[in-house]
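See below for the structure under consideration.
Values in this text are rule-based calculations from the coordinates and carry no lab data. Note that the coordinates shown come from a computational prediction; the quantities given were computed from them, not determined experimentally. Here the Cβ positions follow ideal geometry from the backbone for every residue, glycine too, while neighbour counts run over all protein chains shown.
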Amino acid sequence: MALLKVVFLLLVAAEFSQSQSFHMYSCPTPSLQVNFNVTQYLGTWYEIQKLPAMFERGDCVQAKYSLLPDGQVRVHNSELLSNGKINSIEGTAKILDPTQPAVLSVSFFRALPDSPYMVLSTDYTSYSLVYSCSDYLGLFHIDFAWILSRTRQLNSATVSQLRDKLTAMGVDVKRLSVTDQTDCGAMVSA
C-alpha cells in the first residue's frame, strides 16, 4: 500500500511538473530575512518574476497584505485574465514560530494544508524575495519563488541580485518568467 501511495505521488508530481517547479528529494533550507517585521511588510506588492505556478495564469499579478484583528494577515491576491476579468482569492497568513517571523503559513482553502511563505530578503519599501516549498515524503518537492516590488517595475540590478540569491540556493532561475505589469488599469480596484 505504501508503494502505491509513492507511485501515485510521483505520477501527480509528473503531471504538475509541466507547470510547477518539481524536484527530487527534500526542500532546501534557505536563509531568511533577519529580524523580519510583518507590520512593515503589509501593503501591496506586485509580482515581477516567478517560478511557474498552475494557479497563476494572468497578468498584473499583485498581492495585498493587511492585518486582521486577531493578529493574522489577510492575503488578497489578484490577477488580470486575458478576457479582461479580474481573478482574485483571499486567504490568511500567520507566523507559527515567533523565533522565525520570516516564515509564514498561508491558507487559502480550509480543506487543504497551509503552504509556507518564506521571506528571504526584503527592504520593505521596494523589493521582496519570497520562496515556498512543499516536501512530499522526502522523495520530491515542489517549490515556488516570487520577486516582488512595491511598484509595477523593479530595476534590473535589484532583479539580478535577487535572482543570484535564488541561484545560490539551487533554484533554476532560467525557469523564472516575467510577469506583464503593463496595461493594468483594471487592477486599481482589485
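Loop-resident trypsin sites (Lys or Arg not before Pro) (DSSP state other than H, G, I, E or B) in the range 46-131 with no more than 14 further Cβ atoms inside 10 Å of their Cβ: 57, 85, 110. A simple rule links phi to the HN-Hα coupling: the Karplus curve 6.51 cos²θ - 1.76 cosθ + 1.60 with θ = phi - 60°, which for the range 31-40 gives 6, 9, 4, 6, 6, 4, 10, 5, 5, 5 Hz, with x for Gly and Pro. Cross-link pairs exceeding 18 Å between alpha carbons, from the set 50/85; 50/174; 64/165: 50/85; 64/165. Count charges around residue 173 for me, please; just the other residues with Cβ under 14 Å from its Cβ, Lys/Arg as +1, Asp/Glu as -1. Spelling it out: positives minus negatives among the neighbours equals +2.
Relative to the compact globular guide of 2.2 N^0.38 Å, what is the alpha carbon radius of gyration of the range 30-127, as a ratio?
Details: Rg = 13.8 Å, N = 98, 2.2 N^0.38 = 12.6 Å.
Computed over Cα atoms of the range 30-127, the ratio equals 1.10.
Take the Cα of residue 57, go 7 Å toward its beta carbon, and the backbone nitrogen atoms of the range 164-190 under 18 Å from that spot belong to 179-180. Averaging the sequence gap over all C-alpha pairs within less than 8 Å and six or more residues apart, then dividing by the number of residues, gives the range 73-190 a relative contact order of 16 percent.
Can you give the net charge of the other residues whose Cβ lies under 15 Å from the Cβ of residue 35, counting K and R as +1 and D and E as -1?
Working: positive: none; negative: 97, 123.
So the surrounding residues net to -2.
When both the range 130-190 and the range 91-129 are represented by their alpha-carbon centers, they are found 14 Å apart.
Among 155, 186, 170, which residue has its Cα furthest toward the positive end of the charge dipole of the range 136-188, with +1 on Lys/Arg Cβ and -1 on Asp/Glu Cβ? Checked the options; the winner is 155. When the charge dipole of the range 24-145 is built from unit charges on Cβ atoms (+1 for Lys and Arg, -1 for Asp and Glu) and taken about the Cα centre, the candidate among 44, 86, 69 whose Cα reaches farthest toward its positive end is 86. Sites listed here are chymotrypsin sites (Phe, Trp or Tyr not before Pro) in the range 87-190 whose DSSP assignment is loop and whose Cβ has at most 10 other Cβ atoms within 10 Å: 109. Shown in residue order for the range 51-68 are the 3J(HN,Hα) couplings computed by the Karplus curve 6.51 cos²θ - 1.76 cosθ + 1.60 at θ = phi - 60°: 6, x, 9, 5, 8, 10, 10, x, 10, 6, 5, 8, 10, 10, 10, 9, 7, 8 Hz (x for Gly and Pro).
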